[in-house]
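Following: one structure in structure tokens, then a few remarks.
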Amino acid sequence: PADVATKIAAASDGQTVMVKVGTKIAVELVGVPTAGYLWKIVDKPGFLEAAGEYGGPTSSSQLEEGFAGGNHWEAFAFNVTGKGEGELRFEQGRAWEEPSSGDGAAFSVLIVAEE
């Protein structure tokens, strides 16, 4: 979306990301929702307010009739409502399976929000 000031991709895993108060950010991750593997937020700083989710196929061939499966990207948008520092963490899994013992896919960044 045009109103997203900062896009955070999977390559930022484990890094620090500087953002501005009053802007919108988005975390974009690739998953396999067709197999039930979805990303979920497991920890977020109080100064980030959820602002929606969006996503789509990672390849235009996935839009062709008869195509099944494949990776998709999932994006999570947040409004930066105040100054602060905190970890934004996601884990990937299937809703019907027990949470793993930490051996599943995970993503985290340290968000630093400044004026």
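For the stretch 1-48, evaluate the Debye formula with one uniform point scatterer on each Cα (no solvent term) and list log10 I(q)/I(0) at q = 0.30, 0.32, 0.33 Å⁻¹, rounded to two decimals.
So the normalised log intensities are -1.31, -1.33, -1.33.
Give a residue-ordered list of calculated ³J(HN,Hα) values for the stretch 105-112 (Karplus: 6.51 cos²θ - 1.76 cosθ + 1.60, θ = phi - 60°; whole Hz; x for Gly, Pro).
Rounded to whole hertz, the list is 5, 9, 8, 8, 9, 8, 9, 10.
What list of ³J(HN,Hα) values in whole Hz, one per residue of the stretch 80-87 in order, does the Karplus curve 6.51 cos²θ - 1.76 cosθ + 1.60 (θ = phi - 60°) give from phi, with Gly and Pro shown as x?
Each residue of the stretch 80-87 in turn: 8, 9, x, 6, x, 9, x, 7 Hz.
Can you list the HN-Hα couplings for the stretch 24-37, worked out from phi with the Karplus curve (6.51, -1.76, 1.60; θ = phi - 60°), rounded to whole Hz and with x for Gly and Pro?
Those phi angles translate into 10, 10, 9, 9, 10, 10, 9, x, 10, x, 5, 9, x, 7 Hz.
In terms of modelled amide H atoms, which long-range or inter-chain residues lie less than 5 Å from the amide H of ALA105?
GLN92
Each reported figure results from applying straightforward, stated rules to the coordinates on display, with no laboratory input. All values reported here derive from a predicted model rather than from experimental measurement.
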